[in-house]
Structure formats: structure tokens, C-alpha cells
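Read-outs: derived from the displayed coordinates by stated rules, not from any lab. Here the structure is a predicted model, which means the values were calculated and not measured. Every residue, glycine among them, receives a Cβ derived from its backbone with ideal geometry; neighbour counts consider all protein chains shown.
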Amino acid sequence: MTGCDALDPGGALLYVFSTHHATPENGSFPNRGDDEAPRVFENDNGWEVTLLESYITIEAVTIVTCGGRELPLQMFWGPCPEDLRAEDLETLTVAGRELEPGDYCQLIVDYGRYHMPVIEPGKEDTRHDIPENSAVDGATVYFSGGARLDAGDDAVPFQLRGTAEQRIVLDLQTVDGGGPFHVARHEDFPKELTISKTYDRFFDGVDFTDFDASALEAEFEDVLAEQTRVQVGTLVQIDPSDG
């Protein structure tokens, strides 16, 4: 290595995005609500669930080299409360950092409690949109809305708050053309990874006639672990096993 190459370590800037969607059907993602509108879907017991408000908070993101070195990413605006009323599959910038050339085998996603920021008077705030509902404060997962079994029924209201802090390790060993996520010495553009999650699976098995809110909240960790995925780029591809 000689000349300018000896002074340039190479590598690339990594951006990590987050998005959400419903369970794929017939090879495509169904529309369960417009941008800035409630999400409406049926659970596996035939209940029509309407999410009037819904947030899932990513607290931190870390990428891990195939040698096991953990590299925390910068959360550009702090913990990110992703509003699931935003358009499905629209990406939200969450974190990033400069990466050295090499292979990366894991992405660690830490879901955690959201805390309303204190903004000093007169200061411009550039972080993600802040939830207006104070009930979101202190919640990792927050859902409010209603469910009904038949069109003419009154909706059964619910407000659910999952408060567990959870670390999910996502595999990057085969995401890049069958191999690990790779950063070349010379990259023409920033590298991109997208974290996606399926929001309509949180209510699987629920009969709202007589449901236990605390028991349902306790299952949020399992759903997040099962329904959180990562892909290269910003376009979410359907896993063949999902339909």
C-alpha cells in the first residue's frame, strides 16, 4: 500500500433505518391503513383490531464484526419512538456510523422505554416527532385502540404498554449475496441496513371478550423477537416462508 492509499483507511458510512408492515399475503404486503391513519386488521380469531395509536421504541443499535467486536452506532436523535401510523414500509433513519472495511455478522437492536425529552425554551428540536400522548412515556411498546368481532358490535377498548427492555441479535451472515454484510475498502455510496417489524402479530390468539391485558403485554417480547428482521438496503423483501 503506497501513496494516498496508505493514509486512507477506507470503509464507508453505514445508515440504519427502521420500518413496519403487516403480514404478507399472496406474495405482497397488504395495506392496513393510510399514512397518519389508524391500522386496521383481523387477528387469527376473527377480531377486527383498530390501532388508533401505536409506538415501538428502538433505544440503541450495535453492529458486530465477524471477529466479535461490538461497534455501537450513533442514534441520531436519541431513542426512536416509531409511529406505526406512518405509511407502511416507509423508512425512518435511526442510527449510523463510519465502518472500517471488513465483514460484519450481527446487528444488535435494543428495544427500550421511551422517555419524553425536555426541550429548552427557544431551542430548535430536530429529533423524531414526539408522541403527544403522555402514556407513551416509559413504554417500549404502546398500543391503544379497540376491537370488535362483528361489524355492528361496539368496540372493546384497550390500552397496552409493554415496558420491558429487550436486546435482539439479528444475523447478518447471509444477508449480502449469501455472505456476511461486507464493507469494501472503497465504497461509492453509504451502506444501508433496514430493521423491519410486523405489527399485526401482537394480537395473535387474543379473544377480546375476556382478555388479560397484563398477560398480552407480557407476550410483546416474544413477538418482537420473532417479528424483527434486518435486510440490506431500504426495500423490504418478503421472506418466502411468510407468503
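At a glance:
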read-out: MRE, 222 nm, helices only [DSSP H, n ≥ 4, -39500 (n - 2.57), over the chain, to nearest 500]; value: -1500 deg cm²/dmol
read-out: Calculated FRET efficiency for the pair ARG69/LEU235, C-beta based, R₀ 25 Å, to 0.05; value: 0.30
read-out: For the chain, with +1 on Lys and Arg beta carbons and -1 on Asp and Glu, the positive-most of GLY179, VAL40, ALA215 along the dipole; value: GLY179
read-out: Sparse-neighbour loop sites [trypsin sites (Lys or Arg not before Pro); the range 170-243; at most 15 other C-beta within 10 Å; DSSP]; value: ARG185
read-out: Ranked TRP47, TRP77, criterion: other C-beta atoms within 10 Å, fewest first; value: TRP77, TRP47
read-out: Extension gain from ALA37 to GLU132, taking 0.36 nm per residue of separation minus the Cα-Cα distance; value: 32.7 nm
read-out: Potential lengthening between ASP171 and GLU25 on full extension [0.36 nm per residue; Cα-Cα distance subtracted]; value: 50.1 nm
read-out: Interchain or long-range residues, amide H under 5 Å from VAL156's placed H; value: ALA147, ARG148
read-out: Extended-chain gain in nm, criterion 0.36 nm per residue less alpha-carbon gap, MET116 and THR163; value: 15.5 nm
read-out: Cβ-placed point charges (K, R +1; D, E -1), dipole of the chain about Cα centre in debye, nearest 20; value: 760
read-out: Neighbour-count order for TYR142, TYR15, fewest beta carbons within 10 angstrom listed first; value: TYR15, TYR142
read-out: Sorted by Cβ density within 10 Å, fewest first, the residues CYS66, CYS80, CYS105; value: CYS66, CYS105, CYS80
read-out: Charge dipole magnitude, Cβ of K and R +1, D and E -1 - the range 129-243, Cα centre, debye nearest 20; value: 540
read-out: Label corresponding to semi-axes √(5λ) of the Cα gyration tensor in Å when calculated from the structure given, among (1) 30, 19, 19; (2) 36, 21, 15; (3) 25, 19, 18; value: (2)
read-out: Point-to-point label distance, ASP212-ASP153, nm (Cα→Cβ direction, 7 Å offset); value: 2.1
read-out: Most fluctuating residue given options ASP44, ASP154, ASP103, as computed from a GNM of the chain linking Cα atoms under 10 Å; value: ASP154
read-out: Under 5 Å, built H, 5+ apart or other chain: amide partners of GLN106; value: VAL64, LEU172
read-out: HN-Hα J in Hz across the range 161-169 - Karplus 6.51, -1.76, 1.60, θ = phi - 60°, x for Gly and Pro; value: 10, x, 10, 6, 8, 9, 10, 10, 9
